[in-house]
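The block underneath contains the structure these notes are about, expressed in structure tokens.
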Amino acid sequence: MNNRILLILIIIAAALLRLYHLGTDSLWLDEGYSENMAQMPLVDMVKLVIDEDNHPPLYYALLHGWVSMFGNSEFALRGLSVLFGCLSVFMCYQLCALFAPRRTALWAALLLAISTFHIEFSQEARVYAMMVFFTLLNMYFFVQLSESKRLAISIAYLISAFLLIHCHVYALFIIVAQNAHVFTILFLQRRAASRPLTLRKWIILQAIVVLSFVPWLLVLLRQYSRVRQGYWMLEPPFVDLLATLARYAGGYNRLSILLIITLSLLALNAVFVIRARRLAIRAENRDIKILFAYWLILPIIIPFVISRLSTPIFQIKSTIAASLPLFLLAALGISKITNRRLQAIVISILIILSALNFRHFHNHSYKEQWRQLATHIEAQAQPNDLILFVANYCDKDVYSYYARRTDIIRYPFPSPQVCDVTPENLQTLEPLIAQHPRVWLVLSHDASHDPQHLVRQTLTANYPTVQHRPFTGIDLYLFQ
């Protein structure tokens, strides 16, 4: 079958997998935050991002335009990520086709299309699917810099780099990986007569990239100093490095372990070959493999080391762009299997494991059930009931999206401006609840704000607990 037709079929499959049950789950806190930002005027949104967020505002700006066209339903909000997820499959093919046969590029596109990890973040109203796309787009032009002196390629690289680094702070580690690759290759080939990408040209390109990021870099430095004073993230244990690979395969289960082992073996097959009973490095695509090594390792190791030595910033999902070379190397590994029957068996195993992982993912949703919580409260609440949110942003960022009744009072405790509960501001709790016959206590993301559970203990000690109902990611109590 024609490669173009196969690519179209793979992209259609990617779209169907990403659209499957797209609007079934409730928005969770971060998605609610995205929706809240998308509804703001652009100027107000940028100001709020500068004050509150750790990442540049490009995603929120695009989501703002997307919502204005398609609405703010759960399905519509996540649709932008679906679009970027499908575009990523196409760009994965285009990138791989630069250094491998078209059939190998199809394997790479297929692996990305059926990846549960990437499907998960293509079904989330957050920046990650967009970052994956711009990473692939930027790498597509980066690879061509080493082969072409055309000005258009340099300009395309700069534009894609600008878009990439204004997606997410972790995108900077992709640029670091590119620099590590360039300096390694220039060192290894220092006697080459003519190279399209010279050291002088590369330094000029990187200077432009850095200058384009300076406005946000100043914001980032200010936010980093604020994070160092206290942040909800914890220092990651070393086991998180292994957990990262498991997440790339889809999750923390046996299926993911089998899948990551299979992908890793294929990646090793792309790099190494056994000759005369000895392990040797394959000579072809050496420069690309060096790039993939830096691309896979540095975006994971750098934030991990920063988190261990300075301020915790490591999040596995933020390293999502580092998963891409794993799929590209696995595709190269598939192409190195000369026995067609064995190759078909390996591809079938990958598809079956991915399908089982996909089913497991949809049968075990992790997203917080704010829609179900709001429906439950509004079905049973009485007029003038009080809903108390210990993590004060939960009401504004996500519960308000589902709230319909206006005769129920919602209050973020200790106050809309203060997050952390202390013995001092706890004294304001009694006068507050005395004005209402019943109190609904909503506990979610409260561990860092009320680690001693002062609010719940105070209410439990003084008022009868009429109801306690757990939702995914949320605990609900009713006191009377």
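Read-outs: derived from the displayed coordinates by stated rules, not from any lab. Every value quoted in this text rests on a predicted model; they were computed, and no experiment measured them. Please note: Cβ atoms are built from the backbone with ideal geometry, for glycine as well, and neighbour counts cover all protein chains shown.
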Inset, instruction - Pull up the cross-link candidates among the lysines for Lys201, meaning alpha carbon to alpha carbon under 23 Å and not fewer than 8 places away within one chain. - result: Lys149, Lys289
Legend entry - Rh (Kirkwood; distinct C-alpha pairs) - segment 1-146, Å: 16.1 Å
Inset, instruction - Quickly work out the Gln427-to-Arg340 label distance, labels modelled 7 Å from Cα along the C-beta direction, and quote it in nm with one decimal. - result: 8.3 nm
Inset, instruction - Counting only C-alpha contacts under 8 Å and six or more residues apart, can you give the relative contact order of segment 1-82 as a whole percent? - result: 34 percent
Inset, instruction - Please report, in debye to the nearest 20, how large the charge dipole of the chain is about its Cα centre when each Lys and Arg carries +1 at its beta carbon and each Asp and Glu carries -1 there. - result: 3060 debye
Legend entry - Cβ-based net charge around Lys47, under 15 Å, with every Lys or Arg adding one and every Asp or Glu removing one: -3
Inset, instruction - Any aspartates and glutamates with Cα under 15 Å of the Lys317 Cα? List them, leaving off those in the same chain fewer than 8 positions away. - result: Asp30, Glu31, Glu120, Glu124, Asp240
Legend entry - Gyration tensor verdict on segment 319-361 (Cα atoms; rounded if a/c is under 1.5, prolate if a/b is larger than b/c, oblate otherwise): oblate
Legend entry - Inter-probe distance in nm under a simple model that places probes 7 Å from Cα toward Cβ, at Ala447 and Ser148: 4.8 nm
Legend entry - Virtual spin-label span in nm between Phe272 and Gln417, 7 Å along Cα→Cβ: 6.1 nm
Inset, instruction - Calculate how steeply helix 151-165 sits against the longest principal axis of the alpha-carbon atoms of the chain, using the helix alpha-carbon long axis, and give the answer as 0 to 90 degrees to the nearest 10. - result: 30 degrees
Inset, instruction - Can you put Met40, Met130, Met45, Met91 in order of Cβ neighbours within 10 angstrom, beginning with the fewest? - result: Met40, Met45, Met91, Met130
Legend entry - Under-5 Å amide H pairs with Val466, H placed in peptide plane, nonlocal only: Leu478, Phe479, Gln480
Inset, instruction - Put one equal scatterer on each alpha carbon of segment 1-85, apply the Debye formula with no solvent term, and list log10 I(q)/I(0) at q = 0.23 1/Å to two decimals. - result: -1.08
Inset, instruction - Determine ³J(HN,Hα), in whole Hz, for all residues of segment 122-136 in sequence, where each value follows from phi through the Karplus function 6.51 cos²θ - 1.76 cosθ + 1.60 and θ = phi - 60°; x replaces Gly and Pro. - result: 7, 10, 10, 7, 9, 7, 5, 5, 5, 5, 4, 4, 5, 5, 5
Legend entry - Global geometry of segment 296-392, whether rounded, prolate or oblate, following the gyration tensor of its Cα atoms and the 1.5 cut on a/c: oblate
Legend entry - Tilt relative to the chain, helix 370-380 - C-alpha long axis, 0 to 90 degrees, to 10: 20 degrees
Legend entry - Between segment 3-53 and segment 108-172, the alpha-carbon center distance in angstrom: 16 Å
Legend entry - Kirkwood-Stokes translational diffusion coefficient of segment 80-158, alpha-carbon pairs, 20 °C, 1.002 mPa s, µm²/s: 165 µm²/s
Inset, instruction - Mind putting together the pair-distance distribution for segment 370-479? All Cα pairs, 10 Å bins, whole percent per bin, short to long. - result: 14, 53, 31, 1
Inset, instruction - Would you mind checking which residues have amide H under 5 Å from Phe471's amide H? H placed 1.01 Å from N; only 5 or more apart, or other chain. - result: Leu476
Inset, instruction - Please report, in cubic angstrom per residue, the volume enclosed by the convex hull of the alpha-carbon atoms of segment 3-363. - result: 157 Å³
Inset, instruction - Note the full-extension length gain between His360 and Asp44 as 0.36 nm times their separation in residues minus their Cα-Cα distance, in nm to one decimal. - result: 109.7 nm
Inset, instruction - Find the relative contact order for the chain and round it to a whole percent, using C-alpha pairs within less than 8 Å whose residues are 6+ positions apart. - result: 15 percent
Legend entry - For segment 56-105, fraction of C-alpha pairs farther apart than 11 Å, in %: 71 percent
